[in-house]
Amino acid sequence: MGRIFLSSPHMSDEGYEQQFIQEAFDTNWIAPLGENVNKFEEELAEMVKAGHATALSSGTAAIHLALKAVGVGEGDIVFCQSLTFSATANPIIYERAKPVFIDSEPGTWNMDPKLLEEAFEKYTPKAVLVVHLYGLSAKIDEIKAICEKHNVPLIEDAAESLGTIYKNQWTGTFGDYGIFSFNGNKIITTSGGGMLVSDNEEGIAKAKFWATQAREPERHYQHEDIGYNYRMSNVVAGIGRGQLKVLENRVQQKRHIFDTYKKGLADIEEISFIDEMDEERANFWLSTIIIDSNKITPNMIIDALEEENIESRPIWKPMHLQPVFSKYDSIGGEVSEALFEKGICLPSDSKMTDEDLERVIKIIKSFWS
Ligand SMILES: *Cc1c(COP(=O)(O)O)cnc(C)c1O
C-alpha cells in the first residue's frame, strides 16, 4: 500500500491548475508578475474579503514584509506566539528585532489573551504576531481588542488556516496584516508561495515594492531602499488560481477527517480533541489529538503508524524551547509545553479514503485494547 501522508498536494480533478498554467505558457508570461499573479491576488482578496493582497514567494516572505510594513526594525520587541512553526518567528530576527514569546491557552492552543495583557505590562512592543494553529482560530477578537487598546499593530499568521471563518470573518483579515502559505503541505498549495493581505492599500503597495527589489519607478534602475526578490511567479500563481476553486471542497474533506477521528476514538478516555469556538468554522488543516496516559506516549503511536507507512508528527515544539531562540524572554510556557509533550498530528491528507481513516483509527485503538 502507498504511504499515507500528513498532508500532501491535492490538485483539482478538473485540471483547473493546468489550464491556468497553460495560459501562462500561451502568453509567454513565464516570469514573476503577469495575469495569473494579478488574478490570484484579486480572487483570493475577494474570497477572504480583504481590501488588498500581494502574492509572494512564501508565507515566510509575507510575514517578513508584514513586519516591515508595520515598521518593525532593529531592537524592537515583537510579541509572538510560542507554539508555532519557526517560520513565524524567524522574520523577526531578519529585522534584528526581538521576539517575546507568549504561551497558548488550552481552548484554542493559540495565544493566551491574558498572557498577552501581562506581556504589555512588561514591554512596549512594535507588533503582535498571532497564529491560527492547525486551522483553528485564535481568540482573535479578544486579542485584537487588546492590541487596539495599546495601539499596537496586529499581524495574523494564517498560514495554516485559509478557509477558517470566525464570526463570519475569515482568519487572516482581523489584524492589520494577514498572511497565507501555499507550501506543499498546506490546505491548498502552489508548490510554494504565500500571500499578504490587508485593508491598508499603501502598506500592500509598499510590500510589493520591497518584494520587487525596491525598484523606484524610474526608467533606469534607481534604488533608495533595500529590496527583496519575493514576488510569486506567474506559473505558480496559475496553480494557486486553480486551487482556490477547490478550497471549500478541501475544507469539507478536512472537516470530515476530523469528525471521523473524533467519532472513531470517542470511547478512549485518554484521548481528547480540540474543539471549535462558538461561531467558528475551522478548516482543520491537521487533525490533532492529546494523549493523557501514564503508559502510552505519542512516540509509541507515531512509531506504530510509521511501521504501517503512515505519517504522523508531534505537535510543534514551542519557540521558547528552541535553542536558537533560548536567549529571548517568554511569558508563560506550560500550556504549549504540555501540548508538545502529549500531542500528535494525525494523517489528515485530503486524499485519504474512509478505509485509510479506519486503518489509522484501528492502529491507535489497538494500544488500549
Ligand atoms: C507553513 C507555515 C509558515 C510558512 O509558510 P511558507 O510558505 O512555508 O514560508 C508560517 N507559519 C506557519 C504557522 C506555517 O505553518
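Tell me the chymotrypsin sites (Phe, Trp or Tyr not before Pro) within segment 169-228 that lie in a loop according to DSSP and have at most 10 other beta-carbon atoms within 10 Å. The qualifying sites are Tyr221. A convex hull fitted to the Cα coordinates of segment 57-180 yields 87 cubic angstrom per residue.
Compactness ratio for segment 1-100: Cα radius of gyration over 2.2 N^0.38 Å (N = residue count) comes to 1.42. Across the chain, Cα pairs under 8 Å and at least six residues apart give a relative contact order of 25 percent. Placing +1 on the Cβ of every Lys and Arg and -1 on the Cβ of every Asp and Glu, with nothing else charged, gives the chain a dipole about its Cα centre of roughly 560 debye. For the chain, adding -39500 (n - 2.57) for each run of n ≥ 4 DSSP H residues and dividing by the number of residues yields -11500 deg cm²/dmol at 222 nm. The string of couplings for segment 210-220 from the Karplus curve (6.51, -1.76, 1.60, θ = phi - 60°) is 4, 6, 10, 6, 6, 7, 5, x, 10, 5, 7 Hz, one whole number per residue in order, with x for Gly and Pro. For segment 299-350, with equal point scatterers placed on the C-alpha atoms only and solvent neglected, what are the log10 I(q)/I(0) values from the Debye formula at q = 0.31 1/Å, to two decimals? Ignoring solvent entirely, the Cα scatterers give -1.15. Straight-distance candidates among the lysines for linking to Lys362, with alpha-carbon spacing under 24 Å and chain neighbours fewer than 8 residues away dropped: Lys254, Lys262, Lys263, Lys295, Lys342, Lys351. Take the Cβ atoms of Glu334 and Tyr123, set R0 to 25 Å, and the FRET efficiency comes out at 0.80. Let me know the whole percent of all Cα-Cα pairs from segment 234-290 that are separated by more than 19 Å. For segment 234-290, the fraction of Cα-Cα distances above 19 Å is 44 percent. The radius of gyration of the Cα set in segment 247-368, together with its Dmax, comes out at 15.5, 47 angstrom.
Number of Lys-Lys pairs in segment 16-244 with C-alpha atoms under 20 Å apart and a separation of 8 or more places or on different chains: 27. Along the positive direction of the dipole of segment 264-351 (beta-carbon charges: Lys, Arg +1; Asp, Glu -1; about the Cα centre), which of Ile302, Trp285, Val324 reaches farthest? Result: Val324.
For the chain, the extents of the C-alpha atoms along the principal axes are 73, 55, 36 Å, listed from largest to smallest. Ordered by the number of other Cβ atoms lying within 10 Å of each residue's own Cβ, fewest first, Trp285, Trp109 fall into the sequence Trp109, Trp285.
All of the numbers you see were taken from the coordinates with simple rules; none came from a lab. Computed from a prediction, not measured in an experiment: that's the story for all the values here. Note that each Cβ is placed from the backbone with ideal geometry, even for glycine, and that neighbours are counted across all protein chains shown.
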